[in-house]
């Protein structure tokens, strides 16, 4: 599983990364978490507002910090498919 966090390093971007790691830890799931800070790559990914989040190439969130329960749901759904 690849989880990408898009953002140039703003506090909300850092918070999304923490929520991702906490959700993975709570679910006892191992995944690759990649921080994408390059503006060109962010635009190429179709992220219009940061922070952005993709799981296995599927856009899950843009412009907000997801709640931990929402993050866990997305991770579990992706793991099952």
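The set of residues in segment 8-28 that are in contact with a helix residue (DSSP H, G or I) (Cβ under 9 Å, 6 or more places away or on another chain) and modelled with pLDDT of 95 or more comprises 16, 19, 20, 22, 23, 24, 26, 27.
Within segment 37-75, how many residues are surrounded by fewer than 20 Cβ atoms within 10 Å (Cβ to Cβ), in contact with a helix residue (DSSP H, G or I) (Cβ under 7 Å, 6 or more places away or on another chain) and outside any loop (DSSP other than H, G, I, E, B)? The qualifying residues number 3.
Among the residues of segment 22-36, those that are surrounded by 12 or more Cβ atoms within 10 Å (Cβ to Cβ) and not in a strand (DSSP E or B) comprise 22, 23, 24, 26, 27, 29, 31.
For segment 31-53, taking the residues that are in contact (Cβ under 8 Å) with a residue 40 or more places away in the chain and under 16 Å from residue 8 (Cβ atoms), the one that is nearest to the chain's Cα centre (by Cα) is identified as 53.
The values are calculated or read from the model by the stated rules, or taken from the named source; none is laboratory data. These numbers come from a predicted model, not from an experiment. Every residue, glycine as well, gets a Cβ built from its backbone with ideal geometry; the counts of neighbours run over all protein chains shown.
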